[in-house]
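K.L.:
First, the structure itself, so that you have it in front of you.
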């Protein structure tokens, strides 16, 4: 997959606005022209790695935040089998709450249960 520069620009814009910065102010902070910065936010221009790092630093975020929509390292994606296990686990916990069985469970058992990884089928 290639970098989705439009989505990256949207993330930059969202973060910039949350910091109440104008495009002109951020462009000055990262030493690029306001028009170039605006084009980066719109996904029309591709920043160099140095410029991207400067933007991330000025916004107080990591590069992973800016590139999150393009990353496919699997940290936030699960296989259908993993999702089925997770949904089954959650459904069981909800049923327990609906039937009140959680109230009869000792506190240390509940705490230990919460620490379990719902995707670990070996537990």
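The values are calculated or read from the model by the stated rules, or taken from the named source; none is laboratory data. Note that the coordinates shown come from a computational prediction; the quantities given were computed from them, not determined experimentally. Backbone-built Cβ (ideal geometry, glycine too); neighbour counts: all protein chains shown.
K.L.:
Specify the residue that is surrounded by the most Cβ atoms within 10 Å (Cβ to Cβ); the eligible residues are those in the stretch 29-56 that are more than 22 Å from the chain's Cα centre (by Cα) and not in a helix (DSSP H, G or I).
P.N.:
Among those residues, the one meeting the criterion is 32.
A quick yes/no check of all residues on (1) surrounded by 15 or more Cβ atoms within 10 Å (Cβ to Cβ); (2) at pLDDT 75 or above:
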{"residue": "58", "(1), (2)": "yes, yes"}
{"residue": "70", "(1), (2)": "no, no"}
{"residue": "75", "(1), (2)": "no, no"}
{"residue": "92", "(1), (2)": "no, yes"}
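K.L.:
Report the residue count in the stretch 1-16 for those that are without any contact (Cβ under 8 Å) to a residue 40 or more places away in the chain and either over 18 Å from residue 67 (Cα atoms) or surrounded by 15 or more Cβ atoms within 10 Å (Cβ to Cβ) (or both).
P.N.:
Residues that pass the stated criteria total 3.
K.L.:
Right, next: When you look at residue 26, is it modelled with pLDDT of 95 or more, under 23 Å from the mean Cα position of the chain (by Cα) and crowded, with 17+ Cβ neighbours inside 10 Å, yes or no?
P.N.:
Here the answer is yes, as residue 26 does meet what is asked.
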